[in-house]
1. Is it the case that F422 is more than 18 Å from the chain's Cα centre (by Cα) and at pLDDT 90 or above?
2. Do we find that L302 is surrounded by fewer than 23 Cβ atoms within 10 Å (Cβ to Cβ), touching a residue at least 60 places away in the same chain (Cβ under 8 Å) and within 16 Å of L142 (Cα to Cα) in this structure?
3. Identify all residues within region 351-384 that are farther than 17 Å from V265 by Cβ and at pLDDT 90 or above; write none if there are none.
4. So which of A324, A332, A343 is among the hydrophobic types (A, V, I, L, M, F, W, C), touching a helix residue (DSSP H, G or I) at 6+ places or on another chain (Cβ under 7 Å) and at pLDDT below 85?
5. For L12, are the conditions met, namely being open to solvent by 10 Å² or more (accessible area, probe 1.4 Å), not acidic (D, E) and not in a helix (DSSP H, G or I)?
6. Only residues that are closer than 15 Å to V102 by Cβ and without any contact (Cβ under 8 Å) to a residue 12 or more places away in the chain: list them for region 25-42, please.
7. Give me the pairs, please: first residue somewhere in region 147-160 and more than 11 Å from L26 (Cα to Cα), second residue anywhere and polar (S, T, N, Q), beta-carbon distance under 6 Å, and either six or more positions apart or on two chains.
Amino acid sequence: MNGPGGNERAVLALLCTAVFLDAMDLSLMGVALPAVGRDLSLSEGTLQWLVSGYAVTYGGFLLLGGRVADLLGRRRVFLLSLAVFAGASLVGGLLSEGWSLVVTRVVKGLAAALTAPAALSLITTTFTEGAGRNRALGVYALAGATGYSGGLVASGLLTEVSWRLVFFVPVPIALLVLLLAPRVLPKDGPLPAEARRFDVAGAATVTAGVLLLVYALTETSGGAGVLAALFLIAFVAVEHRQRLPLVPLRVFRSRTLATANLAAVAWACATIGWQFAAVLHLQQVQGYGALSTGLGIVPMGLAIVVTARFAGRPIDRWGLGRTAAVGMLVQAAGILLFLRADAAADYASVLLPALLVHGVGNGLSFPSLNIAAVGALPDGQQGLASGLITSSVQIGAGIGVAVLASLLATGGPGPDGYRLAFLVAGGFSLLGAAVAHFGLRARTTPTGARAAG
């Protein structure tokens, strides 16, 4: 990528700012949920949709977002979707009805579903395959980890003033990126003739299926579960018939691609679901305020950032599969250590070790799965590859939050419900470790990931 916008470092910095924003917005709601619920008299089910509505829409439409970026132009899609994201953030901060807040979160999820694959595919097509691209992807993953961790902390600080700031704070960041992007990002080439065709039916059926699945898990609705299955079957049928499918099903013949995405679903069920339960536990069982909750999670965020910064070393030595499996085992240990937490649990001896162990595992596993997934497809399908892996994470987040919210409701308001939720979250992480260990080839490395599978 040459020309006025071809400075690789500037491109990487700008795109990492965008992924920082997307990741931060997912976690920003976490600490603020109890305050939103109290102020607007919302049930835990509605609060759950403030997280799941964003995550599932994000995940469902990421598949279409990757295809749109490949066909309509990555820069065009990036700029337009980021503008919609900023607008929905601003509107959300002004509303006071639970359903309308959920709608703004859904709109933001849709916008992020277009922004994220455009940003990641811009990185993978800017940097040539090899060490340079691997470093860039590592920085990209680090930006996401930093944004997610920073969102947890910022959520506590902002909620102490007003939970509405949680909606407002992404706006100036998005506007800054929009101001700089036209000067930094390279211009798109001419639109290909095939850009006129999109697999809208595929996007609609997969998103409807996942949304209904999350609703079925949350409300324990058998009817919604049947409808979800029918929509997902329809999605597979649509993809078989489309000349330009949203997801060419043949790509899943790649063992690396299929395994990385399946493990990413389990990873997100574990870590995002755990976050939902842990934040409520700290505030409702242990009596932490919003600020103390955010500050209490800082060590985990630092552990994620530091570990992700150096994750390239174990990846080079052990390969992607072994690193991802070890990371998810460590993450499971951190989650299960929360089983020791009761109403009188000491922070230094009980909570802090669990948070640090979780953070280390998180920082090892996420970059490994990301590199494996995007390395499995060629440059012409990088929008698809990035859309698939980010979609897997967001769909996993929606399912994980829904499952753990349902368990909390089943187990009651006391510690028993939280213990059950933490146990299941740890089980998700152990499942992901097994998938990564047996599905990703042990010697797969970043430079060899493209040929794997």
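1. For F422, the condition - more than 18 Å from the chain's Cα centre (by Cα) and at pLDDT 90 or above - is met.
2. Values: surrounded by fewer than 23 Cβ atoms within 10 Å (Cβ to Cβ): yes; touching a residue at least 60 places away in the same chain (Cβ under 8 Å): yes; within 16 Å of L142 (Cα to Cα): yes.
Answer is yes for this residue.
3. Of everything in region 351-384, those that are farther than 17 Å from V265 by Cβ and at pLDDT 90 or above turn out to be L351, L352, P353, A354, L355, L356, V357, H358, G359, V360, L364.
4. A343
5. no
6. G37, S41
7. Going by the 6 Å Cβ cut-off, the qualifying pairs are G156/T293.
Quick grid of which residues meet (1) at pLDDT 90 or above; (2) open to solvent by 20 Å² or more (accessible area, probe 1.4 Å); (3) within 23 Å of the chain's Cα centre (by Cα):
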{"residue": "L211", "(1), (2), (3)": "no, yes, yes"}
{"residue": "G222", "(1), (2), (3)": "no, yes, no"}
{"residue": "V251", "(1), (2), (3)": "no, no, yes"}
{"residue": "A258", "(1), (2), (3)": "no, yes, yes"}
{"residue": "A268", "(1), (2), (3)": "yes, no, yes"}
{"residue": "F276", "(1), (2), (3)": "no, no, yes"}
{"residue": "G289", "(1), (2), (3)": "no, yes, no"}
{"residue": "G294", "(1), (2), (3)": "no, no, yes"}
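The values are calculated or read from the model by the stated rules, or taken from the named source; none is laboratory data. On a predicted model such as this, the values are computed, not experimentally measured, just so you know. Positions of Cβ are generated from backbone atoms using ideal geometry, with glycine treated the same way; all protein chains shown enter the neighbour counts. Remember, those area values only see protein heavy atoms, side chains included, never the ligands or the DNA or RNA. Shrake-Rupley method; radii C 1.70, N 1.55, O 1.52, S 1.80 Å.
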